Amino acid sequence: MSTTDIKPNSKLDSKAKLADNERLKAESNFLRGTIEADLHDPLTGGFNGDNFQLIRFHGMYQQDDRDIRSERTKQKLEPLHNVMLRARMPGGIIEPEQWLAIDQFADEKTLYGSIRLTTRQTFQFHGVLKPNIKAMHQMLDSVGIDSIATAGDVNRNVLCTTNPVESDLHQDAYEWATKISEHLLPHTKAYAEIWLNGEKSESSLQETQEPILGSTYLPRKFKTTVTIPPNNEVDVHANDLNFVAIAENGKLVGFNVLVGGGLAMTHGDANTYPRKADDFGFIPLQHTLKIAEHVVSTQRDWGNRVNRKNAKTKYTLDTFGSDNFKAEVEKRAGVKFEPSRPYKFTHRGDRIGWVEGIDGKHHLTLFIQNGRILDYPDKPLKTGCRKIAEIHQGDFRMTANQNLIVAGVPVEQKDEIERIAREHGLIDDSHTEQRKNSMACVALPTCPLAMAEAERYLPTLIEQTEALLAKHGIANDDIILRVVGCPNGCGRAMLAEIGLVGKGPGKYNVYLGGNREGTRVPKLYLENVSDDVYLPALDALIGQWANERLDNECFGDFVIRKQIVAEVKVSKTDFHA
Ligand code: SRM
Ligand code: SF4
């Protein structure tokens, strides 16, 4: 099949009904809907009809606290509707003044009082009630932050390796992440009009065009990264589009482009699967925005707008063929991909503690369990971060592992920052490598899709895993362990050496066989089991690994070599086999 034979959605049944989200985007007047009217509706704390979905394009999700939902139902009250906000923060860089503003808002105007660092290098507020929503956007705008396109069928927050050591390269990569983010943003003025009291006029409505995203935006969410090997902290294989930095003599010369990664699946639906991204080849720097634009435009036109479960780029590649998709991108962009340049990923973890950059500045990576910054009784993490922000002269960098880097500290200020961090529990020397390499998604009580606990369960699971490692005499070793509350996979369990995926309260599917570098999808080992089944199973496997592993063989490679699980090479055929 040549690319000219392919018509948009030609592989789909032409009579099939488009997903309802297509109707609501088309009728939304470029994402305006009736959101503004809803803000003044006193009858509900939530958003009505299509607005429930449309607010996502403005970076918000309607939620309620699931811990108190049934109690409120008994009292004949509607759920305590509120919104979660996710900021747009390409590369995860935030200035101290911005930090102080979000810290104050979290304290004064959110139900939970926390700042939640996410797996995509930004922060979320949980529990913002309707009367505070507009004020929240205006506060963010006053410090130069917005939440445009951090959710919905658009290109989301663009990730970038937080590499404070090789500062020059990082600066270039970060600038590209920002340029890509800006280039792919929606053009509609809806955000400014609704939240920032921007000017509204008939002509501004008529002038609205979405040259890249199109008037009905993308078929599904779209995720992009810029990464600097050998660090794969951003987990390229979770993303639709990746720019892997290629440097010569320390200078960025271009990118290898990887397309079509994604991790979500649906329990019991073999047409859904986590999938690695395909390598399209190398492009010199000057073609970066064109290629980004036309990977997006091809996905916009070829992606499945009938079945949202098969709408992401990963399925478009498998439906049309990766080579055809690539040829179409080349045709649209007028650029030929060159053969990929060599690079290697070696790790994904953050280097917790101090490192010195080539610019002589110092950088302190703080391990934040689950990314949840809150004042805990024994660890006032939030106060500690605020105190650091009050004196810090550099910036903060949020990592894709939910941690926080205090970056650019002059040597004279190192001791003071370390003292504050230690006093507030932000540095804890007792954390094991296992703890630092474990991650969970939010799940209960705020996530409406959670089937099982994740964030609240992770500390216990880490202790249990630490005990197993100690029992087998390898307490200083670690396994990349990730837990998610449902198969959407927000904590990227589908790139872990051990991934637990929520199936029901206390029940998980256990997947094994990802690797340290994040270049292999794991495979189902145990289905729908609780800890009385999976802990003894992990005990046996960790014991076997301790005794029979090769030099430096990680747990994920070991379970594949021993054929405890089969290797997933091609997700479409192997993942469910
Ligand atoms: Fe996610 C939906 C939280 C990263 C795949 N994700 C959700 C929602 C908004 C639930 C909802 O739709 O109502 C969760 C809100 C929970 C809460 O209370 O905060 C949620 N996702 C998160 C975060 C906060 C998890 C975390 O612990 O950090 C991450 C926010 C990232 C950000 O800042 O943008 C987050 N989500 C991810 C990732 C990991 C990544 O991108 O690196 C994935 C898997 C990668 C991928 O996209 O394939 C991911 N989230 C999903 C999906 C499944 C998408 C799909 O392809 O089907 C959903 C559900 C959906 O979109 O229908 C989802
Ligand atoms: Fe919610 Fe599922 Fe994502 Fe966890 S993986 S945050 S439970 S949608």
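In what sequence, highest mean first, do 542-551, 158-167 appear when ranked by Cβ atoms within 10 angstrom?
Averaged packing, sorted descending, gives the order 158-167, 542-551.
Find how much the distance from GLN464 to ALA135 grows on full extension, using 0.36 nm per residue of separation minus their present alpha carbon separation; answer in nm with one decimal.
Length difference between fully extended and current span is 114.1 nm.
What area, in nm² and to one decimal, does the C-alpha convex hull of the stretch 54-193 cast on average over all directions? Provide the component values of the computation, followed by the final result.
Values: hull surface 38.1 nm².
Computing the convex hull of the Cα atoms and averaging its projections yields 9.5 nm².
Pop the C-beta distance of LYS251 and HIS187 into the FRET formula with R0 = 30 Å and round what comes out to the nearest 0.05.
0.35
Could you work out Rg/(2.2 N^0.38 Å) for the stretch 476-547, with Rg from alpha carbons only?
Dividing the Cα radius of gyration by 2.2 N^0.38 Å gives 1.05.
Dividing the alpha-carbon Rg of the stretch 269-327 by 2.2 N^0.38 Å yields what?
In units of the 2.2 N^0.38 Å rule of thumb, it is 1.21.
Under 37 °C and 0.692 mPa s, how fast does the stretch 87-132 diffuse according to Stokes-Einstein, given a Kirkwood radius computed over C-alpha pairs? Answer in µm²/s, whole number.
Rounded to a whole number, D works out at 296 µm²/s.
Expressed as a whole number of Å, what is the distance separating the alpha-carbon centroids of the stretch 546-573 and the stretch 243-297?
Computed from Cα coordinates, the inter-centre distance equals 26 Å.
Restricting to Cα pairs below 8 Å that are 6+ residues apart, what does the relative contact order work out to for the stretch 39-91? Please round to a whole percent. Spell out each step's value before the answer.
Details: 44 pairs, mean separation 18.8, N = 53.
Worked out over the stretch 39-91, it gives 35 percent.
If r is the Cβ-Cβ distance from SER530 to ASN197 and R0 is 35 Å, what FRET efficiency results, to the nearest 0.05? Show your work: numbers first, answer last.
Working: r = 52 Å, r/R0 = 1.48.
My answer for the efficiency is 0.10.
If I model the stretch 503-545 as equal point scatterers sitting on the Cα atoms and use the Debye formula, what is log10 I(q)/I(0) at q = 0.24 Å⁻¹?
Results for the stretch 503-545 at q = 0.24 Å⁻¹ read -0.89.
Over the chain, what relative contact order in percent results from Cα pairs under 8 Å that are six or more residues apart? The partial results should precede the final answer.
Numbers: 1241 pairs, mean separation 74.5, N = 577.
Relative contact order of the chain: 13 percent.
Quick one: plug the Kirkwood hydrodynamic radius of the stretch 109-267 (C-alpha pairs) into Stokes-Einstein at 25 °C, 0.890 mPa s, and report D in µm²/s.
Numbers: Rh = 17.8 Å.
The Stokes-Einstein estimate is 138 µm²/s.
Two decimals is fine: what is log10 I(q)/I(0) at q = 0.20 Å⁻¹ for the stretch 287-361, from a Debye sum with one equal scatterer on every Cα and no solvent?
With one equal scatterer per Cα and no solvent, log10 I(q)/I(0) is -0.89.
Give me the percent of Cα-Cα pairs in the stretch 422-577 that sit more than 18 Å apart, rounded to a whole number.
Tail of P(r) above 18 Å: 57 percent of Cα pairs.
Multiply the residue separation of LYS379 and ARG66 by 0.36 nm, subtract the distance between their alpha-carbon atoms, and state the gained length in nm to one decimal.
Details: separation 313, 0.36 × 313 = 112.68 nm, distance 2.57 nm.
Gain in length upon complete extension: 110.1 nm.
Which value in deg cm²/dmol, rounded to the nearest 500, describes the helix-derived mean residue ellipticity at 222 nm for the chain, given -39,500 (n - 2.57) per DSSP H run of n ≥ 4 and division by the residue count?
-9000 deg cm²/dmol
Multiply the residue gap between ARG308 and GLU412 by 0.36 nm, knock off their C-alpha separation, and tell me the result in nm, one decimal place.
32.1 nm
I'd like the distance separating the alpha-carbon centroids of the stretch 361-410 and the stretch 484-504, in whole Å.
Comparing the Cα centres of the stretch 361-410 and the stretch 484-504, I get a distance of 26 Å.
What is the order of ILE420, ILE564, ILE391, fewest Cβ neighbours within 10 Å to most? Working shown, then result.
Numbers: ILE420 21, ILE564 15, ILE391 11.
Least to most surrounded, the residues fall as ILE391, ILE564, ILE420.
Rounded to a whole number, what is D in µm²/s for the stretch 309-352 from Stokes-Einstein with the Kirkwood radius over alpha-carbon pairs (4 °C, 1.567 mPa s)?
Details: Rh = 13.4 Å.
The estimated diffusion coefficient comes to 97 µm²/s.
Calculate, for HIS576 and LEU100, the FRET efficiency according to 1/(1 + (r/R0)^6) with r their C-beta to C-beta distance and R0 45 Å; round to the nearest 0.05.
0.40
In nanometres, what is the gap between the two model label sites at THR34 and ASP428, each 7 Å from Cα along Cα-to-Cβ?
4.9
For the stretch 319-414, how big is the tail of P(r) above 24 Å, as a whole percent of Cα pairs?
Everything past 24 Å amounts to 48 percent.
With +1 assigned to the C-beta of every Lys and Arg and -1 to the C-beta of every Asp and Glu, and no other charges, what is the dipole magnitude of the chain about the Cα centre in debye, to the nearest 20?
Working: 71 positive and 79 negative charges, 348 e Å.
Using Cβ point charges on Lys, Arg, Asp and Glu, the chain gives about 1680 debye.
Pull the list of the chain cysteines that no other Cys approaches to under 4.7 Å, Cβ to Cβ.
Here CYS160, CYS385, CYS447, CYS486, CYS554 come out as lacking a disulfide-compatible partner, given the Cβ-Cβ threshold of under 4.7 Å.
Could you list log10 I(q)/I(0) for the stretch 97-174 at q = 0.24 Å⁻¹, which the Debye formula gives when each Cα is one point scatterer?
With one equal scatterer per Cα and no solvent, log10 I(q)/I(0) is -1.23.
Roughly speaking, what % of Cα-Cα pairs in the chain are separated by over 30 Å, rounded to a whole number? Numbers along the way, then the final one.
Numbers: 85918 of 166176 pairs.
Across the chain, Cα pairs with separations above 30 Å total 52 percent.
Please report, in Å, the Rg and the Dmax of the stretch 219-278, where both are computed over Cα atoms only.
When restricted to the Cα atoms of the stretch 219-278, Rg and Dmax are 13.8, 49 Å.
Can you tell me the mean projection area, over all orientations, of the convex hull of the stretch 368-451's alpha carbons? Units nm², please.
6.7
Just so you know, all these numbers are worked out from the coordinates, no wet-lab data involved. The model shown is predicted, which means the values in this text are computed figures rather than measured ones. Reconstructed Cβ throughout: ideal geometry from the backbone, glycine too, with neighbour counts over all protein chains shown.
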